[in-house]
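Single-structure report; data block below.
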Amino acid sequence: NPSTGYDLKQFMDTSTSNFWHAKLSQIYITLKALEKEGLVTSDVQEQTSRPDRRVYTLTEQGTQELDKWLRDTSAELPQLKDPFLLKLFFCARVDKETLLTQLKLQRELHQKLLNEYQTETKATIENVRENVPQLKQDALFWGLTLRSGELIEEATIRWLDEAIETINKEI
């Protein structure tokens, strides 16, 4: 469907953010690059009460590239970049209370995200699955990615609990 960069950002925030996110500025840079490659086209739509907006549409070539990418099999693991784990790696220099505060805060944040996945996100997917027949199969795959997010959060919370327990015993 034709979309603006802002529309894409809103969609990502409510759908793929548990495994893929982007800043609005990055979305616009990417859209311009895709247009340059002929994978999307854009039209400027005039608006009376707001600035004009640029609406992007996938081209036939863009659709072919998307299909090619979806069918491509990768034999590589993704590279993990986690600033908190990097910080923790060097935390021998940090006092126990500061470290425990950071770990407990991370636990709260991950628990909040898990709760969101298990309530709001799950309900949204179920609503689409039950009420939008043309997206029923899409909702199946959305549910699979949601389940991945839930399991990752559960594992992270378990690990944080173990880390807190270990630090309380060892330091």
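Quick note: the coordinates plus some simple rules give every number you see, no bench work behind them. Since this is a predicted model, take the numbers as computed values, not measurements. Methodologically, a virtual Cβ is constructed for each residue, glycine included, from the backbone with ideal geometry; neighbour enumeration extends over all protein chains shown.
Take the chain, connect every pair of alpha-carbon atoms lying under 10 Å apart with a spring to form a Gaussian network, then pick out the residue of Ser42, Ser25, Ser74 with the largest mean-square fluctuation.
Judging by the Gaussian network model, the answer is Ser74.
Using 7 Å Cα-to-Cβ label points, what is the Glu165/Ile29 separation (nm, one decimal)?
4.3 nm
What is the list of residues in the stretch 150-169 whose amide nitrogen lies under 19 Å from a point 7 angstrom out from the Cα of Glu97, following Cα to Cβ?
164-165, 167-169
At each listed q (0.19, 0.22 Å⁻¹), what is the log10 of I(q)/I(0) that the Debye formula gives for the stretch 110-153 modelled as equal alpha-carbon point scatterers?
-0.53, -0.67
Quick check: pseudo-label points 7 Å beyond the Cα along Cα→Cβ at Glu108 and Asp52, how many nm apart are they?
4.8 nm
How large is the translational diffusion coefficient of the chain in µm² per second when you combine the Kirkwood radius over alpha carbon pairs with Stokes-Einstein at 10 °C and 1.306 mPa s?
On the way: Rh = 19.6 Å.
It comes out at roughly 81 µm²/s.
Efficiency by 1/(1 + (r/R0)^6): what FRET value for Glu130 and Asp7, r their Cβ-Cβ distance, R0 = 35 Å, to the nearest 0.05? Mind showing how you got there, number by number?
Details: r = 24 Å, r/R0 = 0.69.
Plugging the Cβ-Cβ distance into 1/(1 + (r/R0)^6) gives 0.90.
Given the DSSP H assignment, sum -39500 (n - 2.57) over each helix run of at least 4 residues in the chain and divide by its residue total; what's the result at 222 nm in deg cm²/dmol, nearest 500? Mind dumping the intermediate values first?
On the way: 7 runs with 107 residues, N = 171.
That calculation yields -20500 deg cm²/dmol at 222 nm.
How high is the FRET efficiency from Leu140 to Lys68, r the C-beta distance, R0 25 Å, rounded to 0.05? The partial results should precede the final answer.
Working: r = 22 Å, r/R0 = 0.89.
According to the calculation, E is roughly 0.65.
Counting C-alpha atoms alone, how compact is the stretch 1-92: give Rg to one decimal and Dmax as a whole number, in angstrom.
Values for the stretch 1-92 (Cα only, Rg and Dmax): 17.5, 58 Å.
Using 1/(1 + (r/R0)^6) with R0 = 30 angstrom and r between the beta carbons of Leu77 and Thr119, what's the FRET efficiency to the nearest 0.05? Don't skip to the end; give the middle numbers.
On the way: r = 31 Å, r/R0 = 1.02.
Once rounded, the FRET efficiency stands at 0.45.
What value does the stretch 83-171 have for Rg/Rh, both radii from Cα atoms and Rh as Kirkwood defines it?
On the way: Rg = 17.7 Å, Rh = 15.0 Å.
Answer for the stretch 83-171: 1.18.
Count charges around Thr14 for me, please; just the other residues with Cβ under 15 Å from its Cβ, Lys/Arg as +1, Asp/Glu as -1.
Charge balance in the 15 Å sphere: -4.
Mind jotting down the distance between the C-alpha centroids of the stretch 79-135 and the stretch 150-171, whole Å?
Each part reduced to its Cα centre gives a spacing of 13 Å.
Applying the Karplus parametrisation 6.51 cos²θ - 1.76 cosθ + 1.60 with θ = phi - 60° to the phi angles of the stretch 156-168, what ³J(HN,Hα) value in whole Hz is obtained for each residue in order, glycine and proline being reported as x?
With coefficients 6.51, -1.76 and 1.60, one gets 5, 5, 4, 4, 4, 4, 5, 5, 4, 4, 4, 5, 4 Hz.
Any aspartates and glutamates with Cα under 15 Å of the Lys122 Cα? List them, leaving off those in the same chain fewer than 8 positions away.
Asp13, Glu130, Asp138, Glu150, Glu153
Going through the cross-link list Lys32/Lys136; Lys32/Lys68; Lys23/Lys87; Lys23/Lys96, which pairs have a Cα-Cα distance over 25 Å in this structure?
Numbers: Lys32/Lys136 32 Å; Lys32/Lys68 21 Å; Lys23/Lys87 23 Å; Lys23/Lys96 35 Å.
Exceeds cut-off: Lys32/Lys136; Lys23/Lys96.
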